[in-house]
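Please read the structure below before turning to the comments.
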Amino acid sequence: MTNIDATNTDAQTAQPQASSLHARINAALTGAAIPADLLDLDARDPLARKREEFTLPGGVVYLDGNSLGALPCAVPERLQQVAAQEWGDALIRSWGAGAGEGRDWMNLPDRVAAKIAPLIGALPHEVAVTDTTGVNTFKVLAAALKLATAGRRVILTDAENFPTDLYIAQGLLDLLGGEYELRRVNPDALSEHLTADVAALLLTEVDYRTGRRLDMAAITAQARAAGVLTVWDLAHSAGAFPVDLRGAGADFAVGCGYKFLNGGPGAPSFLFASERHLGAVNAAPVAISGWMGHADPFEMDRAFTPAPGARRFVPGTPMVLSLSALDSALDVFAGVDLHALRAKSLSLTDTFIRLMEPLCARFPLTLVTPQEHARRGSQVSYRHPQAREVMADLIGGGVIGDYRTPDILRFGFTPLYHSHADVARAVAGVQAALEARA
Ligand SMILES: Cc1ncc(COP(=O)(O)O)c(C=O)c1O
Ligand SMILES: Nc1c(O)cccc1C(=O)C[C@H](N)C(=O)O
């Protein structure tokens, strides 16, 4: 498999130079002078105390929560308790009533769904937590194609959508055969593509490379007016800022549990199906109709009767360990004002863009993230001709961001655990890395 961590390969070939370079970058970030205006912003930050709820390594600025969220302090203890007590002691009794009130594993996916629902503007019964984002994309696209009116056989999507969205959509259409088509277009010119043959519009709200945010409400309204069902990928949205699926009138959505929801590596994904598609008539069909999505699994009925609500999309045995981690991680959001979260995210990304400006003037760095607030997610990205090598240097020196092909340096900001001082430290690290390379 390809090594996703460019630092490993670099470290093997150029160790002595790399270690002194990394030490220099790290010294720059740990010794950075923090401007008074940023200290002032941090002093007035209503979310500042949230950082104490996360375990973060020292000497590092972690700007990759949009790939893998940091570890909430409460999670290891919860996992220990699930392993030792719920599994070790209670054994099979943990699935059902023997587990104690509100602790049974059978309903764990529904309890986690209820915690995600307010973060994405959904009702609890419109959310299912299970599988990976890609698998959930398959299920909701299959449902949308079945619900679409006759003659609509096209899935319309962003030509540059995240690869798994494209692969999954194409795979589903190949399976269906016939006249189905995946049509890849520029999302800035959507209106002309919402034609009478389009069944579903599959879009990722925040682009994983540029951090560009689409106008979900406006696009969904346009699609509905054209008779097109919407499927939103919220991988880079959920937990980063308030999402309002019901307000927008979205039909379906999916998203990751391990990014801004901090559920840990491989955390289960979530799926949203509007209650419009969960009723007795014209209900969204369940392509992967397993027994755990049955209305009464232990009845062992030979015919599939869907469970009420989005639970019907949970096909099999809940992944108890990873669901428990996600369940515990989501408690960090208790009491968080999502509008304050968004305001802080914008303040962090504004600050980063501002502090990086002098470096853009000196080095071949090009900002690719929109400056306009409404069009920005919670990350900032730059093009650089040696982006892969620069990011390897940065990671070695403790500024952990991401490189994305072909030439993108990506920095993710998580308002629950970043401060404006972190932004200044990260920029000091970037400056040291770029100066060393020049
Ligand atoms: C937009 C988007 N969709 C889907 C995924 C993949 O999700 P999964 O690996 O859970 O299928 C990612 C990131 O991995 C992503 O960025
Ligand atoms: N989702 C990822 C994973 O499970 C392992 C390693 C990396 C990733 C990713 O960050 C891919 C991702 N969705 C992206 O935004 O680039």
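For the chain, the equivalent ellipsoid derived from the Cα gyration tensor has semi-axes of 38, 27, 19 Å, listed largest first. Per residue, region 106-333 exposes 36 Å² of solvent-accessible protein surface, assessed with a 1.4 angstrom probe and all protein chains in place.
Accessible area per residue (1.4 Å probe, heavy atoms of protein chains only) ranks 105, 95, 87, 232 as 87, 95, 105, 232, with the largest value leading.
Taking all protein chains together and rolling a 1.4 Å probe, residue 331 ends up with roughly 80 Å² accessible. Only one residue of 199, 107, 167 has its Cα farthest out toward the positive end of the dipole of region 106-333, where Lys and Arg carry +1 and Asp and Glu -1 on Cβ, and that residue is 107. In a fully extended conformation the segment linking residue 79 and residue 222 would gain 47.0 nm over its present Cα-Cα distance, using 0.36 nm per residue. If I take R0 = 30 Å and measure r between the Cβ atoms of residue 39 and residue 359 in this structure, what FRET efficiency does the formula 1/(1 + (r/R0)^6) give, to the nearest 0.05? So, using R0 = 30 Å, E works out to roughly 0.90. With R₀ fixed at 30 Å, the C-beta to C-beta distance from residue 350 to residue 52 puts the FRET efficiency at about 0.75. Taking every DSSP beta bridge that has both ends in region 106-333, the antiparallel portion is near 35%. Taking the Cα of residue 288, stepping 7 Å toward and past its beta carbon, and measuring to each backbone N in region 256-271: which are under 17 Å? Flagged as within label range: 256-258, 266-271.
3J(HN,Hα) along region 417-423: 10, 9, 10, 5, 5, 4, 4 Hz, from the Karplus curve 6.51 cos²θ - 1.76 cosθ + 1.60 with θ = phi - 60°, whole Hz, x for Gly and Pro. Across the chain, the mean sequence separation of Cα contacts (distance under 8 Å, 6 or more residues apart), normalised by length, yields a relative contact order of 25 percent. Highest mean packing first, where packing is the average number of other Cβ atoms within 10 Å per residue, the peptides 57-63, 362-368 line up as 57-63, 362-368.
Gain on full extension, evaluated as 0.36 nm per residue between residue 340 and residue 195 minus their Cα-Cα distance, stands at 48.3 nm.
Taking the Cα centre of the chain as origin and assigning +1 to Lys and Arg Cβ atoms and -1 to Asp and Glu Cβ atoms, the resulting dipole is close to 300 debye. Per-residue 3J(HN,Hα) values for region 127-136, derived from phi via the Karplus relation 6.51 cos²θ - 1.76 cosθ + 1.60 with θ = phi - 60°, read 10, 10, 10, 4, 6, 9, 4, x, 5, 5 Hz in sequence order (x marks Gly and Pro). If you count Lys pairs in the chain whose Cα atoms are under 24 Å apart, skipping same-chain pairs closer than 8 places in sequence, the total is 8. Of 220, 133, 149, the residue with the greatest mean-square motion in the GNM of the chain, using alpha carbon springs below 10 Å, is 149.
Note on region 300-370: the alpha carbon radius of gyration divided by the globular reference 2.2 N^0.38 Å gives 2.02.
Counting only Cα atoms, region 106-333 measures 46, 41, 28 Å along its principal axes, largest extent leading. Accessible surface of the chain, 1.4 Å probe: 56 percent of it comes from carbon and sulfur atoms.
Between residue 215 and residue 301, the FRET efficiency from the beta-carbon distance, with R0 = 51 Å, is close to 0.70.
Compared with the alpha-carbon gap, the fully stretched path from residue 373 to residue 101 is longer by 93.5 nm at 0.36 nm per residue.
Ranking 53, 192 from most to least accessible surface, computed with a 1.4 Å probe over the protein chains only, gives 192, 53.
Could you state the number of Å between the C-alpha centres of region 151-180 and region 247-289? Each part's Cα centre sits 18 Å from the other's. Secondary-structure-derived ellipticity at 222 nm for the chain, considering helices only, amounts to -11500 deg cm²/dmol, per-run term -39500 (n - 2.57) for DSSP H runs with n ≥ 4. Note on region 36-133: the alpha carbon radius of gyration divided by the globular reference 2.2 N^0.38 Å gives 1.45. Distance between the C-alpha centers of region 31-76 and region 356-428? Whole Å please. Each part's Cα centre sits 16 Å from the other's.
The DSSP beta bridges internal to the chain are antiparallel in roughly 50% of cases. Please work out whether region 257-322 counts as rounded, prolate or oblate from its C-alpha gyration tensor, where a ≥ b ≥ c are the square roots of the eigenvalues and a/c under 1.5 means rounded, while otherwise a/b larger than b/c means prolate and anything else oblate? The shape class here is oblate.
Taking all protein chains together, 205, 160 sort by accessible area into 160, 205, largest first [probe 1.4 Å].
The values are calculated or read from the model by the stated rules, or taken from the named source; none is laboratory data. Keep in mind that this is a model prediction, so the values were computed, not measured. When we count neighbours, we look across all protein chains shown, and the Cβ atoms used for this are built from the backbone with ideal geometry, even at glycine. Accessible surface areas use protein heavy atoms only, side chains included; no ligands, DNA or RNA. Shrake-Rupley method; radii C 1.70, N 1.55, O 1.52, S 1.80 Å.
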